[in-house]
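Beneath this line is the structure, given in structure tokens, with notes to follow.
The values are calculated or read from the model by the stated rules, or taken from the named source; none is laboratory data. Because the structure is a prediction, the values reported are computed rather than measured. Virtual Cβ from ideal backbone geometry, glycine too; neighbours counted across all protein chains shown. Keep in mind that these areas ignore ligands, DNA and RNA; they rest on the heavy atoms of the full protein, side chains included. Shrake-Rupley method; radii C 1.70, N 1.55, O 1.52, S 1.80 Å.
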Amino acid sequence: AETARQFDRAPESIQLLAVSKTRPVADIVTAFKSGQYRFGESYLQEAIAKIEALRDYSLEWYFIGPLQSNKTRLIAENFNWVLSLDKLKHAQRL
């Protein structure tokens with residue numbers, strides 16, 4: 001909150017995105033129980049397994065890795081947000 005005020009930001013306007021790639025499901029559950037619900041993943045296959053395992057939790061999933069055209073459908077179906085969009089072609093596919 002102090003840092004937010006130093007930069008003329010409202011503390012509640014800052015959101016924490018926890019990068020959960022390579023972390024086990026149990027760690028994500030622990031973070032969720034502490035109030036964290038936004039998680040970033042960049043390894044698609046690993047992320048999908050976690051998303052499936054945690055369907056009963058109210059989580060927001062962010063894809064943060066490089067996009068590949070052949071994976072855009074799975075990303076669109078499983079993630080709430082994509083933060084690594086860099087090509088119009090990928091945007092259209094998503």
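Things worth noting here:
- Spin-label model, LEU74/GLN36: points 7 Å from Cα along the beta carbon direction are separated by 2.4 nm.
- Seen through its C-alpha gyration tensor, with square-root eigenvalues sorted a ≥ b ≥ c, the chain comes out oblate because a/c lies at 1.5 or above while a/b is not bigger than b/c.
- Here the Karplus curve 6.51 cos²θ - 1.76 cosθ + 1.60, taken at θ = phi - 60°, turns the phi angles of the stretch 68-78 into couplings of 10, 3, 6, 10, 5, 4, 4, 5, 4, 6, 10 Hz, with x standing for Gly and Pro.
- Percent RCO, i.e. relative contact order, over the stretch 1-92, from Cα pairs under 8 Å lying at least 6 residues apart: 21
- Rounded tilt (10° steps) of 44-53 against the dominant C-alpha axis of the chain: 70
- For GLU60, distant residues with modelled amide H under 5 Å away: ARG38, PHE39
- Portion, in percent, of the accessible area of the stretch 1-92 that falls on carbon or sulfur, probe 1.4 Å: 51
- Peptides ranked, highest mean first, by Cβ atoms within 10 Å: ranges 37-46, 72-81, 12-21: 37-46, 72-81, 12-21
- Residues of type lysines that LYS21 reaches as a straight line, Cα spacing below 19 Å, ignoring anything fewer than 8 places off in the same chain: LYS33, LYS50, LYS71
- What the Cβ-Cβ distance of LYS87 and GLU2 gives, at R0 = 41 Å and to the nearest 0.05, is a FRET efficiency of 0.55.
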